[in-house]
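> To start, I am sharing the structure in question, which I have written as structure tokens.
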Amino acid sequence: MREIEPGADAPTFHSVGNARPIFLDHHSTTPVDARVAQVVLHAMTEAIGNPNSLEHVYGEEALALVVRARHLVSELVGADPDDVHFTSGSTEAIRLAVNAAISVVRGKTPHLALTRVEHRAVLDSVEEARQQGARVSWIEVDRSARIVDGSLEHVLAAGVDLVCVMAANNEVGTVYPIAELAARIHASGAAILVDGTQAAGRLELNARRWHLDYLAVSGHKMYGPKGVGALITPSGDATARMAFVGHAGTPNVPGIAGFGEACRLRRLEMAEDEHRISAMRDALESALTATLPNLVVNGDREGRLANSLHISVPGVPNEAVVARLRRKVAISTGAACMSGAQTPSHVLVAMGLSRDAQEGALRIGLGKFNTPAEIDRAGREIASAVLDAQDALCENGRL
Ligand code: PLP
């Protein structure tokens, strides 16, 4: 991880002339929609009360914002407002869910299962449970990061209590058939925790109709604020719900209000935005494929998020490419928590990518504020950075 000096000065922005680098790292986070920011500002400067202090209008106004947000979140994910528990983001929601699921297991060692491509937030929570005595089983994926036939049945047959599966992968964008998986998981008597962080606001999710036990979502992946999210517990039993009592405190009203507004906008605009984003993604993919003959597209091309383009140029180290693009296009070598860590991505390892393909992997994530002109420019910049890195390797005799 690159060290950032804590400076007394205001942060400086890297720019070339007046142009900021084109932001194509929307899996790591998304810019806040200006309409969301307005709601946040209103909560910070006008509805300034504490929603737990209802003796005056300020508290009532703040509470009204929280209640509205709960309603808007529930509408986006097909839940009831009472199912929505606000958290500081998906990481906290996932941890609460794993703990809640374990707390309802009686008279036996809790048994958890997860796919090999879950986010670090799930891996860490499950590892914590394992260290406290839980049993853990893995669900295998194929080269496109899809669940391998029979792998889920294999772990279910072993008597699993909770299965953790993401709705969409944060590296390669592969989308999972959650409704179908939930039905299979429930048929075996297990509960399901869905990490909906990348999918919520991009794809339809219906927590109640699909009988999800736990669903984690996050504001900053859907043009909302950072540091706010929710755990949705549509069919959580009474004991699981109890896990949230006493966690209340004073809620993050501006964040929650902004998150609610982000959910409202996604519900109204998601279909049209995602359609436009996928057309830009396809154009970028075609442009890169045409210029870089060795390029491989990773993930499930038939079933991936509209904004995801994960590529490898085997033999060309991704860090050399990202460094060349630093002031032009913001893309990533992997998941936010792993970038710069110099360790291979567990997702790409699980998919069985060659070492060369792992080292040449680039994650490109588009968003709703990108324009076709930007994408056209980004395509040229990315291709030229790859070719330049390749030439440098040839000159050094490494290719
Ligand atoms: N799950 C997935 C799939 C993610 O992509 C992320 C964030 O990168 C998280 C969980 C963690 O979310 P948060 O940043 O809200 O804690």
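No lab work stands behind these numbers, since they all come straight from the coordinates. The structure presented is a predicted model; accordingly, all values stated were derived computationally and were not measured. Note that each Cβ is placed from the backbone with ideal geometry, even for glycine, and that neighbours are counted across all protein chains shown.
> Tell me which residues come under 5 Å, amide H to amide H, from G229 once H is placed; ignore anything under 5 positions away on its chain.
It is T87, S88, G89, G219, by chain and number.
> Something else now. Across the range 205-214, in residue order, what do the Karplus-derived ³J(HN,Hα) couplings come to in whole Hz, using 6.51 cos²θ - 1.76 cosθ + 1.60 with θ = phi - 60° and x for Gly and Pro?
For the range 205-214, the Karplus curve yields 10, 9, 4, 6, 4, 8, 6, 6, 7, 9 Hz.
> Here is a further query. Hey, what do the phi angles of the range 216-232 turn into as Karplus ³J(HN,Hα) couplings, whole Hz, using 6.51/-1.76/1.60 and θ = phi - 60°, x for Gly and Pro?
9, 9, 9, x, 7, 9, 10, 6, x, x, 7, x, 8, x, 8, 9, 9
> Classify the chain: rounded, prolate or oblate, from the alpha-carbon gyration tensor (a ≥ b ≥ c, eigenvalue square roots; a/c under 1.5 rounded; otherwise prolate if a/b is larger than b/c)?
Here the chain falls in the oblate category.
> Among the lysines, which have Cα under 26 Å from the Cα of K221 when same-chain residues fewer than 8 positions away are ignored?
K328, K368
> Around I139, which amide H atoms from residues at least 5 apart in sequence, or from another chain, sit under 5 Å from its own amide H, with H modelled in the peptide plane?
Under 5 Å from the amide H of I139 lie the amide H atoms of L114, T115, R116, each far enough along the sequence or on another chain.
> Shifting gears a bit: Who wins for biggest fluctuation among T197, T289, T91 in a Gaussian network model of the chain, springs between alpha carbons below 10 Å?
T289
> From Cα pairs below 8 angstrom and at least 6 apart in sequence, can you work out the relative contact order of the chain, rounded to a whole percent? Before the final figure, lay out each step's value.
On the way: 751 pairs, mean separation 91.0, N = 399.
Once normalised by length, the contact order is 23 percent.
> Taking amide H positions as placed in the peptide plane 1.01 Å from N, state which residues far from H26 in sequence (5 or more) or on other chains have amide H under 5 Å from it.
Those qualifying (amide H under 5 Å, at least 5 residues apart or on another chain) are G365, L366.
> Another question, if that's okay. Run the dipole for the range 87-171 about the Cα centre, Lys and Arg Cβ at +1, Asp and Glu Cβ at -1, nothing else charged, and hand back the magnitude in debye, nearest 20.
Details: 9 positive and 11 negative charges, 46 e Å.
That gives the range 87-171 a dipole magnitude of about 220 debye.
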